[in-house]
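A quick write-up on the structure given underneath.
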Amino acid sequence: ACSSKLLLSRVHPMWQEPLAIPGGDRQSPIDIVVRKSVFDPQLRPLKVQYDPRTCQQIWNNGYSFLVEYDDTTDKSTLKGGPLEDQFRLCQFHFHWGENNAWGSEHSIDRRLYPAELHLVHWNSDKYSLFEEAVIEENGLAVIAVFLKIGKRHEGLQKLVDALPAVRHKDSVVEFTKFDPACLLPEKIDDYWTYAGSLTTPPLTEAVTWIVMKQHVEVSHDQLAVFRSLLFTSAEEQVQRSMVNNFRVQQALKGRTVRSSFT
Ligand SMILES: CCCCCNS(=O)(=O)c1cc(S(N)(=O)=O)ccc1C(=O)O
Ligand SMILES: [Zn+2]
């Protein structure tokens with residue numbers, strides 16, 4: 001799976017914004033100003049092929065919970081859209097708020113959503129390991145999907161039921177046969193795309209972001225279970241609720257956001 005524990009243990013908590021990031025002209029997340037996005041007719045449909053059998057575990061890494069996939073073969077892949085190469089799914093995770101007023105990392109014309117799903121993929125045509133791709137320009141592709149409070153998401157419930165087992169930082173639980181495609185909206189061919197970065201340290205500028213125009217609905221109670229997770233490990237005296245695990249929005253710095261739809 002992609003977020004190797006050794007590397008991450010050296011990584012600082014994501015909200016201590018580092019003073020300067022090397023380069024720092026393509027940071028994420030951003031506000032997407034719809035009227036300034038540029039329709040690109042050359043953007044192709046996305047080709048998503050996920051194999052639920054590659055699903056392995058859920059890990060609370062102290063920023064979010066990651067659902068990790070076996071990325072040692074090209075079984076769960078993403079290609080097409082703005083991508084020239086084939087990318088392998090390594091994990092998905094979420095960002096959310098302490099209430100339903102905010103929580104997403106990206107915004108659309110300043111509108112925030114209560115949560116945002118990120119499906120993290122790395123370029124397996126060019127690199128042999130996630131850790132290599134994470135420091136290379138266009139080494140990663142992340143699909144972002146906004147979550148809105150509404151009807152209960154049946155597919156998400158299996159994941160929600162497993163969360164109490166990873167309440168504390170560094171806890172891991174086996175989690176198998178989960179098809180992340182069930183978390184995607186119906187129309188995955190309407191998206192915005194731009195060149196950005198990881199939104200957690202090391203904040204490397206390696207990500208082609210693909211932000212879905214259509215959101216998915218989850219129930220208030222399902223999102224409340226996300227907020228029952230903790231940033232802190234079982235040994236720590238003071239327990240802190242895992243909420244507001246999003247990064248502040250970053251300057252566009254002249255970048256163009258393209259849309260796959262008019
Ligand atoms: C080698 C160090 C990798 C650190 C980032 N790993 S990651 O899977 O890309 C990731 C991406 C993102 S994000 N929001 O997609 O940029 C958030 C968390 C993580 C994580 O591992 O915790
Ligand atoms: Zn993320």
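The values are calculated or read from the model by the stated rules, or taken from the named source; none is laboratory data. Note that the structure is predicted; figures quoted are calculated from it, not measured. Here Cβ is always computed from backbone atoms with ideal geometry, including for glycine, and neighbour counts include all displayed protein chains. Calculation scope for accessible area: heavy atoms of the full protein, side chains included, ligands and nucleic acids excluded. Shrake-Rupley method; radii C 1.70, N 1.55, O 1.52, S 1.80 Å.
Table for the structure above
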{"item": "Qualifying residue in region 109-122 (condition: without any contact (Cβ under 8 Å) to a residue 12 or more places away in the chain and away from ligand 2 (no atom under 16 Å from the Cβ))", "result": "yes"}
{"item": "Per-region count, region 229-239, residues out of contact with any strand residue (DSSP E or B) (no Cβ under 7 Å at 6 or more places or on another chain) and more than 15 Å from Trp59 (Cα to Cα)", "result": "4"}
{"item": "Residue in region 142-160 that is within 30 Å of Pro202 (Cβ to Cβ) and more than 18 Å from the chain's Cα centre (by Cα) present", "result": "no"}
{"item": "Number of the exception - Pro82 against (1) assigned to a loop (DSSP other than H, G, I, E, B); (2) of a type outside the set (Lys, Arg); (3) buried (at least 24 other Cβ atoms within 10 Å of the Cβ)", "result": "(3)"}
{"item": "Among residues of region 45-73, those that are among the charged types (D, E, K, R) and either modelled with pLDDT under 95 or open to solvent by less than 10 Å² (accessible area, probe 1.4 Å) (or both), counted", "result": "1"}
{"item": "Inter-residue pairs, beta-carbon under 9 Å, first farther than 15 Å from Tyr50 by Cα and in region 170-183, second at pLDDT below 95 and open to solvent by 50 Å² or more (accessible area, probe 1.4 Å), 6+ apart", "result": "Asp170/Lys5"}
{"item": "Residue within region 111-120 that is surrounded by 15 or more Cβ atoms within 10 Å (Cβ to Cβ), among the basic types (Lys, Arg) and away from ligand 1 (no atom under 15 Å from the Cβ) present", "result": "no"}
{"item": "Filtered residue count, region 94-108, keeping only those that are within 16 Å of ligand 2 (Cβ to nearest atom) and part of a loop (DSSP other than H, G, I, E, B)", "result": "6"}
{"item": "Strands (runs of 3 or more DSSP E) (entirely within region 22-75) containing at least 1 residues that are of a type in the set (D, E, K, R)", "result": "46-49, 65-69"}
{"item": "Residue in region 218-238 that is in contact with a Ser or Thr (Cβ under 7 Å, 6 or more places away or on another chain), open to solvent by less than 20 Å² (accessible area, probe 1.4 Å) and aliphatic (A, V, I, L, M) present", "result": "yes"}
{"item": "Where a residue in region 131-152 is in contact (Cβ under 8 Å) with a residue 40 or more places away in the chain and its partner, wherever it lies, is among the acidic types (Asp, Glu) and within 10 Å of ligand 1 (Cβ to nearest atom), with Cβ under 8 Å and at least six apart", "result": "Gly139/Glu132; Ala144/Glu105; Ala144/Glu116; Val145/Glu116; Phe146/Glu116; Leu147/Glu116"}
{"item": "Any chance Gly139 is surrounded by 18 or more Cβ atoms within 10 Å (Cβ to Cβ), within 16 Å of ligand 2 (Cβ to nearest atom) and farther than 30 Å from Thr262 by Cα", "result": "no"}
